[in-house]
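A short write-up of the structure that comes next.
Derivation of every value follows stated rules applied to the coordinates shown; laboratory data play no part. Just so it is clear, the structure is predicted and the values come from calculations on it, not from any experiment. Here Cβ is always computed from backbone atoms with ideal geometry, including for glycine, and neighbour counts include all displayed protein chains.
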């Protein structure tokens, strides 16, 4: 949500960049309300979507994400459900701020009362290369903090999608098991019926 908030602000400001959306004051005032709005929107839109009836990583990840959006969180009272979502959004937004704190070149937690500042040793802000990016006022500095950003980003992707590399989403195992059991019983029934017909004819199996 911090990136969404700053992205919307940047659209009106004329350029992107970290600002109010990455401050602690924006967490309860902008990030959580905006997250609730997106949660409601995603739940409404996803009602018309269907799971993929196929195997593989992409299908497992898609079906798990779709189930999470459609049924998130577990069915309970409306108040408790909303509180769970608010807590999840708060933790998610704060983890984003902490992630950016150790992987970006500026400290924005107390913005706008304190401008973006540097709190790490000087070597952390060494610039090896400046990468011009569209919609950004200044080029993006490539340095030690960028390496940390890439490492943490890849680690986050791995932790998010690793459970779906080898295992189907929750619920599909039960479906497969039920299908196997059904086929097993059908096979046994056919076998028993065939054997009975043979015995009725007086022929040994």
(message) Counting each pair of different Cα atoms once, what's the Kirkwood radius of segment 2-170 in Å, rounded to one decimal?
(response) 18.4 Å
(message) Using alpha carbons only, how many angstrom separate the centre of segment 83-140 from the centre of segment 6-25?
(response) 11 Å
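Can you check how the C-alpha radius of gyration of segment 55-154 compares to 2.2 N^0.38 Å, as a plain ratio? Don't jump to the answer; show the numbers that get you there.
Numbers: Rg = 19.0 Å, N = 100, 2.2 N^0.38 = 12.7 Å.
Cα-based Rg divided by the globular estimate yields 1.50.
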(message) Sort 25, 157, 32 by Cβ crowding within 10 Å, fewest neighbours at the top.
(response) 157, 25, 32
(request) Sort 128, 39 so the one with the fewest other Cβ atoms within 10 Å of its own Cβ comes first. (result) 128, 39
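For segment 13-105, which semi-axes, largest first and in whole Å, follow from the square roots of 5 times the eigenvalues of its Cα gyration tensor? Could the numbers behind the result be given before it?
On the way: eigenvalues 160, 69, 34 Å².
The answer is 28, 19, 13 Å, longest axis first.
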